[in-house]
Amino acid sequence: MLKYLSVIKMKDNYLVKAYCMHETVRIYAAITTGIVKHNQKIFNLYPTSCAALGRTLTMGAIMSCTYKNDDTLNIYVKGDGPIGKITIEATNGNVRGYCENPGVLLIGKDGKQDLSFGVGNGEITVVKDLHLRQPFSGSSEIISGEIAKDFTYYFTKSEQIPSAVGLSEVFDDDEAATIKAAGGFLVQVMPGCKEEDLLKLEDRLSKMKPLSEMLKEGYTALEIINEITDGDYIELEERELTSNCKCSKERFSRGLLTLKKSDLLEILEQDHKALITCNFCNKQYTFTEDDLKELIDAKN
Ligand code: ZN
């Protein structure tokens, strides 16, 4: 029974990793419908904000699966469009994130979400804590705002890995425009890939069905890989993706303890309580008078 339940959960949020072209090309394909839907609900995201945040969440989840288990990855998409800054944190297949303005709805002339205007111009920054002396940090310009193209550019420019990225989502036709499907893929060419294989891959990528169509038709992650490689791949692993927040009242208490005692006394006397909302999951924590007194005592 438990196994059956975990299978249902996997279907909404999971990633498949595969090799193709004589193991010189790595492919990661992810279905993130549950993660994007969850974030749409907790932040009450309007469709354009939802597409931008959802795609970046999917990218973060995929990228976190390309590193060793406990390496933490932070992504910042700092555009000057109405959506504002997008912040993502991902570790080992778990991803959380938020954008500055959840209420953006912009439809372009083509009837699609206008992410180009919504995200605007600016920079993508990726910070990876690989437990070395200094965290790795790379950045590149936002070239389209569509997120997928921007990350393709990022990998090629900043990490010198020739890559192809696809990120997309499908909304329900109803008024609420609930997320019906979301997902993405990352194709990375490793050193040693033969010229002819690279040409074959490029040709395939240019001819394959668009990701948005695949998601609309309910493709699985493996079916996406099958489409990209024309069936010529070796499956390596399948793993679950999650979107859990690690916030807690205790963590925020520690934050409050970094304030000066006089500031804490001021909050106690003026507001009699403190309300703190977690940026990453929108959960609100209340610190009552008694909680605040306890913190002030702890400062002594
Ligand atoms: Zn949280």
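Can you list the strands (runs of 3 or more DSSP E) found entirely within region 83-163 that contain at least 2 residues being charged (D, E, K, R)?
122-129
Scan region 247-258 and tell me whether some residue there is hydrophobic (A, V, I, L, M, F, W, C) and in contact with a Lys or Arg (Cβ under 9 Å, 6 or more places away or on another chain).
Kept after step one, since they are hydrophobic (A, V, I, L, M, F, W, C), are these residues of region 247-258: 247, 252, 256-257.
If we keep only those that are in contact with a Lys or Arg (Cβ under 9 Å, 6 or more places away or on another chain) as well, we get 247, 257.
Checked region 247-258: at least one residue is hydrophobic (A, V, I, L, M, F, W, C) and in contact with a Lys or Arg (Cβ under 9 Å, 6 or more places away or on another chain).
For region 9-52, which residues satisfy the criterion of being among the basic types (Lys, Arg), closer than 26 Å to GLY108 by Cβ and either in contact (Cβ under 8 Å) with a residue 60 or more places away in the chain or not assigned by TED's automatic domain parsing to the domain that holds ILE224 (or both)?
Within region 9-52, the subset among the basic types (Lys, Arg) is 9, 11, 17, 26, 37, 41.
Still in the list and also closer than 26 Å to GLY108 by Cβ: 37, 41.
If the condition is that a residue be among the basic types (Lys, Arg), closer than 26 Å to GLY108 by Cβ and either in contact (Cβ under 8 Å) with a residue 60 or more places away in the chain or not assigned by TED's automatic domain parsing to the domain that holds ILE224 (or both), then LYS37 is the only one that fits.
Is it the case that some residue within region 139-153 is away from the ligand (no atom under 16 Å from the Cβ), open to solvent by 20 Å² or more (accessible area, probe 1.4 Å) and within 28 Å of THR277 (Cβ to Cβ)?
Within region 139-153, none of the residues are away from the ligand (no atom under 16 Å from the Cβ), open to solvent by 20 Å² or more (accessible area, probe 1.4 Å) and within 28 Å of THR277 (Cβ to Cβ).
Cβ-Cβ below 6 Å, separation at least six or inter-chain, first residue in region 264-287 and farther than 30 Å from CYS99 by Cβ and among the polar types (S, T, N, Q), second open to solvent by less than 40 Å² (accessible area, probe 1.4 Å) and within 16 Å of the ligand (Cβ to nearest atom): which pairs?
none
Suppose the filter is open to solvent by less than 30 Å² (accessible area, probe 1.4 Å) and either farther than 28 Å from GLY138 by Cβ or touching a helix residue (DSSP H, G or I) at 6+ places or on another chain (Cβ under 8 Å) (or both); does LEU257 pass it?
No; evaluated as a whole, the condition is false for this residue.
The values are calculated or read from the model by the stated rules, or taken from the named source; none is laboratory data. The shown structure was predicted, so the numbers you read here are calculated from the model rather than taken from an experiment. Cβ sites come from the backbone with ideal geometry, for glycine too, and all protein chains shown count toward neighbours. Quick note on the areas: whole protein, heavy atoms, side chains included, nothing else; ligands and nucleic acids left out. Shrake-Rupley method; radii C 1.70, N 1.55, O 1.52, S 1.80 Å.
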